[in-house]
Amino acid sequence: MSEAQRVLVIGEALIDVVGGVEIVGGSPSNAALGLGRLGVKVDLLTALARDERGERIRTHLEDSGVRVLPESFSLERTSTARATVMPDGSAEYEFDVTWQVQPVDVSAYGVVHVGSIGSFVEPGACVVRGLVRSARLEGARVTFDPNVRPALLGSQDAVARADLIARFSAAVKLSEEDAQALYPRLPLDKVADRLHELGPDLVAITRGGDGSILSTRTARVVVAAPSVDVVDTVGAGDTYMAALIASLLAEADWDLGAERLNRLGEFCATAAAITVGRSGADLPTRSDLEPTSGLLHG
């Protein structure tokens, strides 16, 4: 695999506590895990402690092909989130998170992905913004999934921070809930327009069972979601994000036409449907996605 296809994911990895059961979680961590399972060479820069929970997270990720950078061990205690799964399968979280992250050399990566708590919560968010700027200057493509956590953020501050990262990004994926939290007065088409004006070539907006909107500067499509019996939605958006990055690695130009956008959206939706049909963030492997894995690089 060429250096242009190495991916660095920067963001939180933590332990989700669901009904007293502890599960490895964190949106960027899940995205890294999904990339590893899809055969992508992926490193993760996060914030962990060298405690039992931190080692459990490291082992879980490395078992799926993710390399956890040594700079990730920067905390005295690994962060947690208490999750409550709602009747519709969605999850609500109560966070106990410390986010501080060490700067690293980003010059070896073709894609740098950031998002969620790691892009908004200080003191680590300041470092993330610096790494995003450095990645863009080094010629890497930046991808961004805000995955907004309203309980941790002030609304105006969150918008300013999301806009800043979007300006350096080649692709942004956000959920309909993210769009409503960040840009409540705008319909989804206008959200896509606003983001394109900031900088990204590609915008994807996921809408759960209602499918997704994928947009570039030259084309826009609506892709239906597969019909699936939902167990829970934990990790669905992260699966979509991982599938999106893995597919885009094969593209020289991320300003795609309608036909390619449709195929890309269908692949990402198929991957997410596998995850929602399983309990927890059990993201699909490349073999799970045959024969659609022809959309992947390599």
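Here, each number is a calculation from the coordinates, and none is a lab measurement. Only a predicted model underlies this, so the values are computations on that prediction, with no experimental measurement involved. Cβ atoms come from the backbone with ideal geometry, glycine included; neighbour counts cover every protein chain shown.
The mean sequence distance of close C-alpha pairs (under 8 Å, at least 6 residues apart), as a share of the length of segment 1-90, puts its relative contact order at 33 percent. Using C-alpha pairs below 8 Å separated by at least 6 residues, the relative contact order for segment 3-280 is 16 percent.
With R₀ fixed at 35 Å, the C-beta to C-beta distance from residue 229 to residue 151 puts the FRET efficiency at about 0.75.
Among 198-205, 225-232, sorting by the average number of other beta carbon atoms lying within 10 angstrom of each residue, highest first, gives 198-205, 225-232. Only beta bridges with both residues in segment 3-280 are counted; by DSSP, about 40 percent of them are antiparallel. Based on C-alpha pairs under 8 angstrom that are at least 6 apart in sequence, segment 126-200 has a relative contact order of 35 percent. The modelled label-to-label distance for the pair residue 253/residue 88, using points 7 Å beyond Cα in the direction of Cβ, is 3.9 nm. When shorter helices are ignored and each DSSP H run of at least 4 residues is given -39500 (n - 2.57), the per-residue value for the chain at 222 nm works out to -10500 deg cm²/dmol. The separation of segment 31-96 from segment 181-219, counted between C-alpha centres, amounts to 27 Å.
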